[in-house]
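Working notes, structure below.
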Amino acid sequence: SLFFCVLAAIAFVSGTSPVPAQAKKVSLNYANFPPAPTFPCVQMERWKTEIEKRTDGAVQINTFPGGTLLGAKEMMDGVINGQADIGCICMAYQPGRFTVTNATSLPLNIPDAKTGSLVLLDLYNKYQPEAFDKVKVLTMFVTAPANIMSKAPVAELSDLKGLDLRASGGAAQILKAWGANQVGMPMSDTPEALQKGVVKGLFSSLEVMKDLKFAEICKYITITDTVIYPFAVIMNKGSWDKLPDDVKQVMDGMIQEQSAWTGEYMDRHVSDSIAWSKKEHQVEVITLSAEKKAEWNARLAPITESWIKTAQEKGLPGDRIVKDIKTLIEKHAA
Ligand code: 3IO
């Protein structure tokens, strides 16, 4: 209104700020690396809508999907440096940097994204890993368990031998243990790599069959349900410190809720994507017999042991972290 404009003008000229809350709208830029239809961006838009509503419009969130503000690998440092106020990171893209929270991507059989998201958040709260010291954590969540999406059918370990498949972080270690030729790159680079034939498939959660149209190229899914990818939404410390207390309260109040919401959305959307891939693109789903699954799992045994050792060399209680994750899975599993 005119009244507030005049007040704001007076405040501007006088250098003081007797400006009513409404006139001081906070505007925050939120960067995301993958394209808009994917789940990290869907949860971003949901968070934006809820924050703007719950702060009565005092906060405006400007969203930047598709790497238009920050790309996958520059996200963490970009937010620390203030190139964006808020950013969404996939921890698998910098596995050495997020040792504690990446323990959720060991082959520990997290059953679904909802359970995994709450496990990750509890683990973060318990250990407060120093990797996040320079940011404010707004939420954390995980994907549904990863499965193989490929151009050619994969039904045996021998089908995987030397096969160029894309994965990152914990999932990449698992592909290697199965004998695949693991190729590391963020999800945002994968559509082009698949298109060009640089990779013959990928190992990730199945909602991308629909969201990124991989069902047009990958005609086979092999269900392994082995490992998740952990994510965090982080905020620049300076941007956080400047927020009014009531806004901070709204954001803190959404940390757990957003984690559960995103996990539930992911689980639902994976089922939807599988059905769509079968119906619209005649995708074939390959399941492994219990015997074969045991054979595949046996190859993974050294991964957790070796992670514990590496963690302990870094001065982290690796053994306890793994035990805690197992206990938290029991606690949160439906
Ligand atoms: C992922 C990342 C961006 C958009 C959709 C996605 N679905 C699963 C992931 C996990 C991931 O980061 C990856 O690289 O497989």
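The values are calculated or read from the model by the stated rules, or taken from the named source; none is laboratory data. Computed from a predicted model, the values in this text were never measured in an experiment. Cβ coordinates were reconstructed from backbone atoms using ideal geometry, including for glycine residues, and neighbour counts include every protein chain displayed.
Yes/no per residue for (1) surrounded by fewer than 16 Cβ atoms within 10 Å (Cβ to Cβ); (2) within 12 Å of the ligand (Cβ to nearest atom):
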position: 149; (1), (2): no, yes
position: 154; (1), (2): no, no
position: 162; (1), (2): yes, no
position: 170; (1), (2): no, yes
position: 176; (1), (2): yes, no
position: 179; (1), (2): yes, no
position: 184; (1), (2): yes, yes
position: 192; (1), (2): yes, no
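Given the options 293, 248, name the one that is farther than 24 Å from residue 165 by Cα and surrounded by fewer than 19 Cβ atoms within 10 Å (Cβ to Cβ).
Numbers: 293 fails: farther than 24 Å from residue 165 by Cα.
Sole residue among the options that is farther than 24 Å from residue 165 by Cα and surrounded by fewer than 19 Cβ atoms within 10 Å (Cβ to Cβ): 248.
Can you spot a residue in region 145-162 that is farther than 20 Å from residue 286 by Cβ and at pLDDT 95 or above? Give the derivation first.
From region 145-162, those farther than 20 Å from residue 286 by Cβ are none; that's our starting set.
Among the residues of region 145-162, not one is farther than 20 Å from residue 286 by Cβ and at pLDDT 95 or above, which makes the answer no.
If you go through region 131-147 one residue at a time, how many are part of a loop (DSSP other than H, G, I, E, B) and surrounded by 19 or more Cβ atoms within 10 Å (Cβ to Cβ)? Even if it seems obvious, please write down each step before you answer.
Let us first name the residues in region 131-147 that are part of a loop (DSSP other than H, G, I, E, B), namely 133-134, 143-146.
Still in the running and surrounded by 19 or more Cβ atoms within 10 Å (Cβ to Cβ): 143-146.
Total satisfying the criteria: 4.
Applying the selection to region 148-169, what residues are aliphatic (A, V, I, L, M), in a loop (DSSP other than H, G, I, E, B) and under 26 Å from residue 113 (Cα atoms)? Let's see the steps before the verdict.
Here is the first cut: in region 148-169, the ones aliphatic (A, V, I, L, M) are 148-149, 152, 154-155, 157, 160, 163, 165, 167.
Checking the rest, the ones that are also in a loop (DSSP other than H, G, I, E, B) come to 152, 154-155, 163, 167.
Matches in region 148-169: 154, 155, 167.
Filter region 88-103 for residues that are within 13 Å of the ligand (Cβ to nearest atom) and not aromatic (Phe, Trp, Tyr); which is modelled with the lowest pLDDT?
Taking the candidates together, the pick is 95.
Does at least one position in region 37-46 carry a residue that is surrounded by 17 or more Cβ atoms within 10 Å (Cβ to Cβ), away from the ligand (no atom under 16 Å from the Cβ) and among the β-branched types (Val, Ile, Thr)?
Filtering region 37-46 down to residues surrounded by 17 or more Cβ atoms within 10 Å (Cβ to Cβ) leaves 38-44.
Next cut, away from the ligand (no atom under 16 Å from the Cβ) only: none.
The answer is no; no qualifying residue exists.
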